[in-house]
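This report concerns only the one structure given below.
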């Protein structure tokens with residue numbers, strides 16, 4: 001008899017998020033570097049594809065004000081519940097959550113009115129050929145949010161509205177998104193890369 005998967009939950013209090021908060025490496029991590037967080041500089045960030053909220057939480061833990069946009073009503077509700085649980089813990093967690101603002105809607109519609117300095121886009125990535133490599137949690141997210149077939153459109157809207165940079169979080173070996181200008185530079189990790197588009 002196969003074991004039924006536990007329901008998806010957004011957890012900022014324990015598990016991988018808590019470990020990353022304690023031991024992640026601060027602003028020296030790839031994501032903060034890609035987003036432009038450095039000594040004396042903390043941009044206003046818009047996470048246009050919030051998902052589980054982990055990247056937004058990391059950036060908020062480093063002092064950034066982060067607006068999260070999630071268009072899936074179910075994922076938005078999971079995120080809101082997770083943020084409320086973390087805020088109720090008080091202390092450092094509550095301070096981090098206080099720097100996170102969650103919006104429900106399509107980022108293509110909302111971005112023009114937000115004035116984000118740095119916009120993060122992390123679409124549902126192309127399915128891997130070896131499905132065993134995809135973590136159960138990410139499969140659950142995909143079941144909820146589907147595929148982001150309009151990622152190129154979202155990237156174009158972000159490039160038109162960000163004042164400093166747009167960062168695309170993408171599988172390290174995946175092809176660039178078609179129809180988008182070349183990025184300014186990349187930050188390469190083992191399995192993930194950050195394509196950074198500077199706004200000139």
Take each of the peptides 186-197, 110-121, average the number of other beta-carbon atoms within 10 Å over its residues, and list them starting from the highest. 110-121, 186-197
Projected label distance in nm at residue 23 and residue 153, using a 7 Å step from Cα toward the beta-carbon: 4.3 nm
Can you tell me the FRET efficiency between residue 9 and residue 178 if r is taken as the Cβ-Cβ distance and R0 is 41 Å, rounded to the nearest 0.05? 0.70
Using only the alpha-carbon atoms, what does the chain span along each of its principal axes? Please give whole angstrom values in decreasing order. 53, 42, 32
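Values quoted throughout were computed directly from the atomic coordinates according to the rules given, and no laboratory measurement underlies them. Not measured: the values here are computed from a predicted model. So basically every Cβ, Gly included, is an ideal-geometry build from the backbone, and we count neighbours across all protein chains shown.
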